[in-house]
Every structure is written in C-alpha cells, then in structure tokens.
Amino acid sequence: MIAIVDYGVGNLFSLASSFSAIGADAVATSDPDIIRAAERIILPGVGAFGDAAQKLRDTGLDRVVIEEADRGKPLMGICLGMQLLLEKSYEYGEHEGLGLIKGAVRPIADVIPKGLKIPHIGWNALHVTRQTPLFKYLKEGDCVYFVHSFYGADCDESVIATAEYGVHLTAAVANKNVYGCQFHPEKSGEVGLNILRAFCELEAQA
Amino acid sequence: MITKRIIPCLDVRDGRVVKGINFEGLQDVSSPVELAKYYSANGADELVFYDITASAEGRKLFTEILTETAKSVFIPLTVGGGINTVDDFDRVLKCGADKVSVNSGAIRNPNLIYEAAKRYGDQCVVLSADVKRVDGVFRVFAKGGRENTGMEAIEWIRRCADMGAGEIVVNSIDTDGVKRGFDLEMLDAVCNTVSVPVIASGGAGCIEDFITLFHNLPKVDAGLAASIFHFGEVRICDLKEKMAQSGIPARR
C-alpha cells in the first residue's frame, strides 16, 4: 500500500486517481499508523513552502516521514513535496526543510535569463543526469509537466534529472530510497504514469 | 526547452459535448469523458472544459463528468464557465481541475481574481478575455461576446495579471470562426503587456495557422481551438509533427 501524506495542503484527487489508474493501492491519509504500515510514501504539496512546512510540523507528520525514510522505505516528494525534502527554503523568508536531500529552495528568477516567464509552466523534456530505477521506463526526450517558481539549488550529486529553461533547473533528485520530482507525474500523461509505476516497483533499502 | 502547448476546448452542456463531432473509432462522440481520453492519447497538452450549462442540474452533471474525466485523463485540466465566486473555484478544483478560467465573473467582480489567487496560487487562475475591435480600439466583451463592456482590453488584461491571473487566454472575437488564422496583432499587444503565459484562441483553420502563430509571436505559449480538432480538420499528432519540422518545440 502507498500512503499519500495528507497534511492539509492541496488537492490529492489527481494523485490518488493516477495510482488507481496503474492498479496501485494508494490512500491519502494523515494517520501516522497507516503511513508507518505503508510500503511506500508520497509527499505531495502545492502552495508556499513556509506554510506547508509549518503544517507538516504541526501535524507531527514530519517526524513520521523522516523516520520511515531513515528505515529505507521508498519515499517520493512531488513538486512542493520535493522541495520540502531539501534542507531549507528561501521562499518568502527562510524556512527549515526535512533535510533528507542536500540543497536549498531558491527563486528561479535568480538563475534564468531575463525575458523568460515565471512560473516555469508547461511541458519540458527531462534530461537524465544519473540513471536510477525511477526512470527505467523513461525515453530520451520524454516531456513532463512543470508548474513552479522556485527550484532546488545546490543539490549537487542528488540531482538525477534536469529541465532546460535558459539554464538547467533541477527536475528530480534522489538520495538512496528518497526521491523527489519537481514536475507533476500525475499530470504528465503516460510518461508520468510510468514514473509512478517505477516508484511502485522500487525495493526498500536496508 | 519548454514546448508550445496545443489545447483542445470542449464546450459541455447538460453533460454532453456541444457541436457535432466526427471521429473514427469513438463510440460515443459527444461524451466529454471519451473525447478527453481520445485527445489525451493523441497528443493534446492540456484540455479546457467549458461549462455552458444554465441549469442547476446541468451544473451538477458537469461536475460529475469532470470528476469522471479527472479519474482517467492525466494531463492538466482547465475548467471555465459559470465561475463567479471562490466557492465555484473550490467546487471544480475538488473534482480534479488544475486551473480555473474566469471571464464574465471577473468582469462583474475583479476582486475574484485576487481572492482566488491568494487562496489557490496564481498558477491556478486563468483569465479568459473575449476581445473585439471597436472603432480601432480593443474592447472587452462579456456574456459570451455579446455585450461590450466598454473597457479597454489591454489595460483590463494588465490589471488582471497584476491581481494574480497566472495565464491569459486571448479570444479574438474578430477572428473567431473565420478560420483564417489567429489574431496576431491583438496577441502581440497582449504579449508586450504581460509577462505571464498567453494562450491564443480564435481563428485557427489549419495547421499552418499554428506555425505562423508560433513563428511570428515567440512569446505566445499555447494555441487553443475547438471545432477544427473536433471535426478532424486538424489532427493534433499531424500538427505536432509539423511544429517539430518547423523548429517549434513540441511535445510528442
């Protein structure tokens, strides 16, 4: 079973539907026991980092997610959920993240050339920089759907894919059993569903 | 590189797609769910569902259809039509919409854009503007293009973007239905005014019209059309192939 962590941020309808479409058993939950019992965890999120991080802490689910990740359970953050995995964010102030992946969240305005629109919205090709089991069904040139104004900076060797938007922006990260996608696999058609499929097939790491 | 988006628009009334549709291999050609699946499988980058229902039952049916679609179509869904309050945003977002398009509702109450953007984020709020030239000036029209609001369109669009509209759909009433190409002059004026994504609507008659649009106005992010896709006059896969051949980034 896959636990989609429901900490009161955003709409989990599409994520739950996309797992259902690939025949995976997923449940949106805020129950720590269900999250602990799950084989895999999805950390979703939309909106502002500070607000989401606070809600995650207020519900105590931040500890649950960190503990389960430390036990080797496959965990994937999506969009803001990916950003929450990093150490900190500079979105409207300075906020602590979960620190499961090295790096900080910064505005894309700092790095992209002038004239490009913000947010980075639409379909963009994934450039795989490090092959991981998450991308086992991915083909060169496959596009996924992005909507974001902030990005994962200084993720260094945790970066597994980038997307070109004037510069190479972090599109996906991984550190052992912990994964993060800046894009929305649940909105990226068959390519996205295949990434979710691959996530469902990941083995737990000791 | 970010690709240029191709967006079919489905008008839905009482749970059925309006306008005759002619597709081989589609059992139920006026089922919004079936048509959405078809487009999704054939290269559409995004879908717009436009609710043109007047009755409360029709609205309920639309919401059910939207839920059904969002369960089986995994590309971004924008919903428009009858969006007048933040509660209307809530209603369609809960059914799986990703973005909500406002038109007359924002003209009646411009604060709607600000309120919705504050609650759901700019990326969620799409301004759809019906624009027509009146004595050489671009004017905003309301009520499906029937009523001249007297507002100057470029200023209105700028104001909406400032209030939090994250995307602008520019529908030229002058070129709509004429099928001789998008309204490049109007779109250029909008692109030079706002920095948010601009979606061109109204006037596409053939593949070449999209190529001309993206070549002449590199700032336009997407092209939207309805009947030419529904009637099979333009197949999205052919359009994408032609875009790629012409050096326009396209998702295939």
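No lab work stands behind these numbers, since they all come straight from the coordinates. Just so you know, these numbers come straight off a predicted model, no measurement behind them. Positions of Cβ are generated from backbone atoms using ideal geometry, with glycine treated the same way; all protein chains shown enter the neighbour counts.
Summed over the stretch A:84-98, residues that are out of contact with any helix residue (DSSP H, G or I) (no Cβ under 8 Å at 6 or more places or on another chain) and in a loop (DSSP other than H, G, I, E, B) total 4. Within the stretch A:59-73, residues that are more than 11 Å from A:Lys176 (Cα to Cα) have Cβ atoms under 6 Å from residues that are in a helix (DSSP H, G or I) in these pairs: A:Asp62/A:Leu56; A:Val64/A:Pro32; A:Val64/A:Ile35, counting only partners at least 6 apart in sequence or on another chain. Count of the stretch A:130-169 residues, restricted to those that are of a type in the set (Lys, Arg) and either within 14 Å of another protein chain (Cβ to nearest Cβ) or over 20 Å from A:Ile195 (Cα atoms) (or both), is 1. Under the condition of being at negative phi, away from chain B (no Cβ under 14 Å) and outside any strand (DSSP E or B), the residues counted in the stretch A:70-82 number 6.
Filtering the stretch B:66-84 to residues that are surrounded by fewer than 23 Cβ atoms within 10 Å (Cβ to Cβ), more than 10 Å from chain A (Cβ to nearest Cβ) and either over 19 Å from the mean Cα position of the chain (by Cα) or assigned to a helix (DSSP H, G or I) (or both) leaves only B:Glu68.
Restricting to the stretch B:117-172, name every residue that is away from chain A (no Cβ under 14 Å), in contact (Cβ under 8 Å) with a residue 12 or more places away in the chain and assigned to a loop (DSSP other than H, G, I, E, B). Correct list: B:Lys143, B:Gly144, B:Gly145. Across the stretch A:109-127, the qualifying residues are those that are outside any loop (DSSP other than H, G, I, E, B) and within 12 Å of chain B (Cβ to nearest Cβ), and the one among them that is surrounded by the most Cβ atoms within 10 Å (Cβ to Cβ) is A:Trp123. Filtering the stretch B:25-65 to residues that are assigned to a loop (DSSP other than H, G, I, E, B), away from every other protein chain (no Cβ under 13 Å) and over 20 Å from B:Gly144 (Cβ atoms) leaves B:Gly25, B:Leu26, B:Gln27, B:Asp28, B:Val29, B:Ser30, B:Ser31. Return yes or no: is B:Ala117 of a type outside the set (Phe, Trp, Tyr) and closer than 13 Å to B:Val196 by Cβ? The answer is yes for B:Ala117. Residues being away from every other protein chain (no Cβ under 14 Å), under 27 Å from B:Val102 (Cβ atoms) and among the charged types (D, E, K, R) are represented in the stretch B:190-213 by at least one member. Do we have any residue at all in the stretch A:125-133 that's without any contact (Cβ under 8 Å) to a residue 12 or more places away in the chain and within 24 Å of B:Pro197 (Cβ to Cβ)? Scanning the stretch A:125-133 turns up no residue that is without any contact (Cβ under 8 Å) to a residue 12 or more places away in the chain and within 24 Å of B:Pro197 (Cβ to Cβ). In this structure, is A:Lys102 surrounded by 14 or more Cβ atoms within 10 Å (Cβ to Cβ) and either touching a helix residue (DSSP H, G or I) at 6+ places or on another chain (Cβ under 6 Å) or closer than 25 Å to B:Pro76 by Cβ (or both)? Criteria met by A:Lys102.
If you check B:Gly232, B:Gly223 for being more than 14 Å from chain A (Cβ to nearest Cβ) and not hydrophobic (A, V, I, L, M, F, W, C), only one passes: B:Gly232.
Across the stretch A:171-198, the number of residues qualifying as polar (S, T, N, Q), within 14 Å of chain B (Cβ to nearest Cβ) and more than 16 Å from A:Phe19 (Cα to Cα) comes to 1. Can you tell me how many residues within the stretch B:85-116 are more than 14 Å from chain A (Cβ to nearest Cβ), free of Cβ contacts under 8 Å to residues at least 60 places away in the same chain and either part of a loop (DSSP other than H, G, I, E, B) or of a type in the set (Gly, Ala, Ser) (or both)? Here the count works out to 7.
Residues of the stretch B:187-216 that are over 20 Å from B:Val126 (Cα atoms) and surrounded by fewer than 21 Cβ atoms within 10 Å (Cβ to Cβ): B:Gly205, B:Cys206, B:Ile207, B:Glu208, B:Ile211, B:Thr212, B:His215, B:Asn216. If the condition is being more than 18 Å from the chain's Cα centre (by Cα) and among the acidic types (Asp, Glu), then the stretch B:213-246 contributes B:Glu233, B:Asp238, B:Glu241.
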